[in-house]
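In what follows, a structure is listed as structure tokens, so that the remarks can point back to it.
FYI, it's all coordinate maths here, none of it is from the lab. These figures come from a predicted structure and were not determined experimentally. Neighbour counts run over all protein chains shown; Cβ positions are idealised from the backbone, glycine included.
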Amino acid sequence: MWKKAKNITKKMLVLFLSIIVTMAGIVIDSKSVQAAQGAPVKINCGGAEYKDSSDSIFYADNYYSGGTTGSKTDAISGTSDANLYRGYRYGSNFSYNIPIANGTYVVNLKFIETYWTASGKRVFNVNAEGALAIDNLDIYSQAGKFKAYDRSFRVTVSDEVLNLNFLASSDNAIVSAIAIYADNSVFAAVATPFLLKGQSNVTNTKLQWSPVPGATRYDVSRSVNGGSYSLLQSVNGTSRDDYDLTLGTTYKYEVKAYCGSTYLTAAYSADCKPYTLQSGLNTYDNMKDDTLVQPNELKVGNTYYRFNLVNKISPEKGFKEFVMQTSTDDINYGNDKVVLSYSDNTDLNNCKLECITFVYHAPTNKIILWAHYENNADYTLARLAVASATPGENFVFHKSFQPFSNQSRDMSLYRDDDGSAYVISSANNNADFILYKLTANWLDVASQVSTIHQGQHREAPSIIKKDGYYYLFSSQPAGWYPSKAMYSSTTSIVGKWSDLRPIGNATTFSAQSGQVAGLKQGNGNNYAMMANRWMFGWKDAVDPTQHQRMLPITFSNGYAFFDFYENVKYSAANDIMVPVQDGRLISQGKTATSSSNSDTANKANDGDYYSEWVGQNTWPSTWTVDLSKAYSLTDIQISWWMMKGSEAYYQYKVEGSTDGINYNLLLDKSTGYHDYGFTTDSLSGTARYIRVTLINAKLMNNTSNWYTPQLYEVKVFGN
Ligand SMILES: [Ca+2]
Ligand SMILES: [Ca+2]
Ligand SMILES: [Ca+2]
């Protein structure tokens, strides 16, 4: 789908300007040291080089001794990288001897059963560094035939070669892929303090952690005031709330990942200290259209500047002019003046400008405009545009151009803390991002730094820096519909970026990844994703008024996390940001059942936005959770399965019961429009059992519903 037009509001302009900071680094490019530097070493056994769905490279089969390659063309379930599993190496006794820096690693092995349809037919051991790592593996008994099955273990290498030996006791050993992660790079955990609605003390934390490849459970432990860790809970998902903490106490969390009973690795949160909320904070309401209140960063001397885009009036199309307004208090703006007009330059006569960014360049005392430039009819030009002005005066339009002859569409500007600036934009028909360094005066591109996430078709890039890491957030090419946000990170802006990692749920909580706002703009600690809701472009949208959702981000060692809260209390001036949750999460890990495939129903309340219950293809279908006792209900959030390109919203109803037999209707969304990908609804009343009935999925491009009833996650809140 071709790129959509985006109207730049004043609010968005402010966000584009809320950019941060830097450092320079080194580039490592040897496979054997990559793992020690944090980049995993991955091998596609029995196959050629393969780029997976996270933009991560598996090298062509290498470092093996013995065995034979094979491949299948059958459908492989349980993975989005079926081709990685389809090709494999097998034999009664073969090995991989992989050069790697000394250190401790988490090794993830990927398997499929390619032939047998019964247990006990193929049984083998895997030894690592001469020690038993996987004992009597029987893939069929674990996963059946043609289903992706991963196992992970931990190993220490001290002779610069990782030796893996595959030894069969029945038929042949087999392996489809090997991924080796340095122990200190595979995992991160964060604890985000949050407020329970109606309380005045911030005495709760939301723990979130990145999934460890092959992990099947996580032990969450807590330390109080520096004491030893004690276990809170073993969980299957990737999050857990901790409530009712004590003011004046310091908490720290440990999350240990296991594959079955095998310990893999651990991650630790930063210290958390509950605190009393100060009064007078702003509230950003994620349930309606709202505006993030931040000081205008475009301040020169005692004057604040802002620039309002005016487009031509229909039937004419495209850019007309920018109107400058000034203020001395950042509240009252006036002195309207046209500072750039379509008639100023032939390039401006029939164009449109998007991703419009104004920045102040102090060394030359210029306000500089960068934008994505197109003609006023389509998206075929794919250029950048640049103009500049002495503050208060008219702009000079410098040029529209393709940087180093590359297409340049969705763009954003990133200012580093060494005075340099970069533009990142979509190139090659939106398949790649290209990062450009600007000249010292920021009026042109100086060099093409790197191509990022090549072939991954990301859009809406936004770069920020936090605690020594650069983070690049991006969206799927979305059309107008909600889509999956992902991010990557690096310690060097000119170096290689990490794999793409998911964040939030699979639909950015019914929005599109947008610009990341530094709350205090340049010298603060708090950041939030300002995710865009293009509801006016959604089929059947009846309330196209909410423009952005504010999703507070917590960072740790190159990893980033956000979640959805109904509102966020904040102060940009004081760099305070605290999310507010309406009630306690009372459904996670509780017994769940469903009208079909009940054995996987617990995937929809495991605290993981990517694991899912998949029912049989019958509508309606029900999913039910037993909360174990009656609660006073406040809210229900549902992360719905959605297919890109065939997006659907669901018709559903929610019922409650105290006995599991007689149900009362709590929420009726069986008719009318509802959100795509994620819904959040208030509940009232008391219930022990909550039943969600999936009535129908309404596809945006197809009148018939081919969806299978399935749910990523249901969160019931109450007290
Ligand atoms: Ca060795
Ligand atoms: Ca393979
Ligand atoms: Ca789940």
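The HN-Hα couplings worked out from phi for region 329-342 by the Karplus form 6.51 cos²θ - 1.76 cosθ + 1.60 (θ = phi - 60°) are 10, 6, 10, 9, 10, x, 6, 4, 8, 6, 10, 7, 10, 4 Hz, whole numbers, x standing for Gly and Pro. The slack between Ser65 and Ala131, meaning 0.36 nm per residue of separation minus the straight C-alpha distance, is 22.0 nm. If you look at the Cα atoms of the chain, you get an Rg and a Dmax of 26.7, 84 Å.
Rounded to the nearest whole Hz, the Karplus-based 3J(HN,Hα) values (6.51 cos²θ - 1.76 cosθ + 1.60, θ = phi - 60°) of region 419-425 follow the sequence x, 8, 9, 9, 10, 10, 8, with x at glycine and proline. Of the three principal axes defined by the Cα atoms of region 298-403, the extents in descending order read 41, 31, 20 Å.
Projected over all directions and averaged, the alpha-carbon convex hull of region 453-595 occupies 11.6 nm². With the convex hull of its Cα atoms as the shape, region 637-719 has an orientation-averaged projected area of 5.7 nm². Rounded to the nearest whole Hz, the Karplus-based 3J(HN,Hα) values (6.51 cos²θ - 1.76 cosθ + 1.60, θ = phi - 60°) of region 508-521 follow the sequence 6, 6, 6, 7, 10, 3, x, 7, 8, 9, x, 4, 9, 6, with x at glycine and proline. Packing-based ranking of 239-245, 69-75 yields 239-245, 69-75, ordered from highest to lowest mean Cβ neighbour count within 10 Å.
With the convex hull of the Cα atoms taken as the outline of region 626-665, the averaged projected area works out to 3.9 nm². Dividing the mean sequence gap of close Cα pairs (under 8 Å, 6+ apart) by how many residues the chain holds gives a relative contact order of 10 percent. Take every pair of alpha-carbon atoms less than 8 Å apart whose residues are at least six positions apart; their mean separation over the length of region 169-221 yields a relative contact order of 28 percent. Partners of Lys197 within straight-line reach, counting aspartates and glutamates whose Cα lies under 17 Å from its Cα and excluding those fewer than 8 residues away in the same chain: Asp241, Asp242, Asp244, Asp285, Asp563, Glu566, Asp582, Asp635, Asp681. In terms of overall dimensions, the C-alpha atoms belonging to region 392-486 reach 40, 33, 28 Å along their principal axes, ordered largest to smallest. Above 16 Å, the calculated P(r) of region 266-348 contains 72 percent of its Cα-Cα pairs.
Oblate is the label for region 65-108. Its Cα gyration tensor axes, ordered a ≥ b ≥ c, give a/c of at least 1.5 and b/c at or above a/b.
Computed on the Cα atoms alone, the convex hull of region 227-295 gives a volume of 185 cubic angstrom per residue. Against the empirical curve 2.2 N^0.38 Å, the C-alpha radius of gyration of region 115-252 lands at a ratio of 1.45.
Is the shape of region 130-197 best called rounded, prolate or oblate, per the rule: a/c under 1.5 gives rounded, else a/b larger than b/c gives prolate, else oblate, with a ≥ b ≥ c the square roots of the Cα gyration tensor eigenvalues? In terms of gyration-tensor shape, oblate. Rg/Rh for region 564-719 stands at 1.00; both radii use Cα atoms, and Rh follows the Kirkwood definition. Overall, the ratio between the Cα radius of gyration of region 530-616 and 2.2 N^0.38 Å, rounded to two decimals, is 1.46. Let me know the shape class of region 342-419, please: from the alpha-carbon gyration tensor, a ≥ b ≥ c as square roots of the eigenvalues, rounded when a/c is under 1.5, otherwise prolate if a/b is greater than b/c, or oblate. The shape class here is oblate. Normalised radius of gyration for region 412-536, please: alpha carbon Rg relative to 2.2 N^0.38 Å, two decimal places. Against the compact-globule rule of thumb, the ratio is 1.04. Listed by chain and number, the aspartates and glutamates whose C-alpha is less than 14 Å from the C-alpha of Lys72, apart from same-chain residues fewer than 8 away, are Asp81, Glu113. Using only alpha carbons, region 473-518 has a radius of gyration to Kirkwood radius ratio (Rg to Rh) of 1.02. Per-residue ellipticity at 222 nm, computed for the chain from helices alone with -39500 (n - 2.57) per DSSP H run of at least four residues, works out to -500 deg cm²/dmol. Sorted fewest first by neighbouring Cβ atoms within 10 angstrom, Tyr59, Tyr263 come out as Tyr263, Tyr59. Note on region 573-651: Cα-Cα pairs beyond 22 Å make up 38% of the total pair count. In terms of its Cα atoms, region 188-237 spans 40, 25, 17 Å along the principal axes, sorted from long to short. Over all pairs of different C-alpha atoms in region 517-558, the reciprocal of the mean inverse distance, the Kirkwood hydrodynamic radius, equals 12.2 Å. Kirkwood-type hydrodynamic radius, region 485-550: 13.9 Å, calculated from all non-identical alpha-carbon pairs.
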